[in-house]
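Below is one structure, written out as structure tokens; the observations come after it.
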Amino acid sequence: QKEVEQDPGPLSVPEGAIVSLNCTYSNSAFQYFMWYRQYSRKGPELLMYTYSSGNKEDGRFTAQVDKSSKYISLFIRDSQPSDSATYLCAITTGNQGGKLIFGQGTELSVKP
Amino acid sequence: DVKVTQSSRYLVKRTGEKVFLECVQDMDHENMFWYRQDPGLGLRLIYFSYDVKMKEKGDIPEGYSVSREKKERFSLILESASTNQTSMYLCASQDLAKNIQYFGAGTRLSVL
């Protein structure tokens with residue numbers, strides 16, 4: 001079983017839709033949760049960061065961590081064509097020498 | 001803002017050539033990483049370094065070596081490039097307090 005599972009998509013939605021992106025993980029010791037956005041042919045950029053559990057909101061983006069279910073989510077409200085990218089989840093226990101475990105990435109396309 | 005700079009965006013090399021990929025960060029981070037990214041395989045860790053002259057193998061180190069002579073600079077070396085090393089190469093440096101990795105723009109390497 002992979003440590004992190006993420007549906008690779010592709011996911012296609014109309015402009016204005018609410019998007020839900022998800023990852024599941026297997027190790028209950030994971031404490032640090034990140035979402036990265038990667039545009040085509042560019043490097044990943046940090047979008048959201050959460051330590052431990054709970055929700056975090058930043059503009060149209062909300063990151064949610066459910067440690068009891070070992071499930072993390074990224075919600076995008078009022079999605080825009082500029083949100084079209086690949087979204088990667090990344091997690092770590094904080095005791096792995098700095099290494100992050102990345103999901104495979106979900107490719108999102110927002111159609112005008 | 002953290003800046004991670006990769007020396008080349010695109011490189012074309014011939015089989016058997018020695019290839020150097022350079023990465024520089026401006027945040028005095030101890031940890032630096034090299035990944036390759038291929039469709040369907042996600043991000044795979046090649047090598048990482050947690051201090052000057054220190055290095056650790058990642059998941060796929062074969063055919064690669066690294067050099068960290070100065071804290072800000074981490075180099076990936078392909079001793080004898082092969083066609084199966086055609087890929088997108090990503091460098092990252094890490095804020096250890098939060099475990100966040102910051103990525104460069106990537107180098108797309110083609111080995112012919």
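The values are calculated or read from the model by the stated rules, or taken from the named source; none is laboratory data. Note that the structure is a prediction, hence the values are computed from the model and not measured. Positions of Cβ are backbone-derived with ideal geometry, glycine not excepted, and every protein chain shown enters the neighbour counts.
Residues in region B:70-112 that are within 13 Å of B:Q25 (Cα to Cα) and part of a loop (DSSP other than H, G, I, E, B) were compared, and the one that is farthest from the other protein chains (Cβ to nearest Cβ) is B:E72. Taken as a whole, the condition of being touching a residue at least 60 places away in the same chain (Cβ under 8 Å), hydrophobic (A, V, I, L, M, F, W, C) and surrounded by fewer than 15 Cβ atoms within 10 Å (Cβ to Cβ) does not apply to A:I91. Being at pLDDT 95 or above and in contact with a Lys or Arg (Cβ under 6 Å, 6 or more places away or on another chain) holds for only one residue in B:R44, B:R73, B:R108, and it is B:R44. For region B:53-100, enumerate the residues that are more than 11 Å from the chain's Cα centre (by Cα), surrounded by 15 or more Cβ atoms within 10 Å (Cβ to Cβ) and farther than 21 Å from A:G98 by Cβ. Scanning region B:53-100 gives B:A81, B:Q85, B:T86, B:S87.
When region B:26-43 is filtered for residues that are closer than 13 Å to B:L90 by Cα, over 10 Å from the mean Cα position of the chain (by Cα) and surrounded by 15 or more Cβ atoms within 10 Å (Cβ to Cβ), the ones remaining, listed by number, are B:Q37, B:G42, B:L43.
Among strands (runs of 3 or more DSSP E) entirely within region A:45-112, having at least 2 residues that are more than 14 Å from chain B (Cβ to nearest Cβ) singles out A:54-58, A:61-66, A:71-76, A:106-111. In this structure, is A:S69 modelled with pLDDT of 95 or more, loosely packed, with under 15 Cβ neighbours inside 10 Å and of a type in the set (S, T, N, Q)? The answer is no for A:S69.
For region A:6-49, a residue qualifies if it is closer than 26 Å to B:M88 by Cα, polar (S, T, N, Q) and exposed (fewer than 15 other Cβ atoms within 10 Å of the Cβ), and the qualifying residues are A:S12, A:S40. Selection over region A:4-53 of residues that are out of contact with any strand residue (DSSP E or B) (no Cβ under 6 Å at 6 or more places or on another chain) and of a type in the set (G, A, S) gives a count of 7. Counting only residues that are touching a strand residue (DSSP E or B) at 6+ places or on another chain (Cβ under 7 Å) and closer than 20 Å to A:L100 by Cα, region A:67-84 holds 5 of them. Only one of the numbered conditions (1) within 12 Å of B:L109 (Cα to Cα); (2) in a loop (DSSP other than H, G, I, E, B); (3) more than 15 Å from the chain's Cα centre (by Cα) is violated by B:V12, and that is (2). Considering region B:42-64, the residues that are farther than 24 Å from A:C89 by Cβ and of a type in the set (A, V, I, L, M) include one that is farthest from the other protein chains (Cβ to nearest Cβ), namely B:V52.
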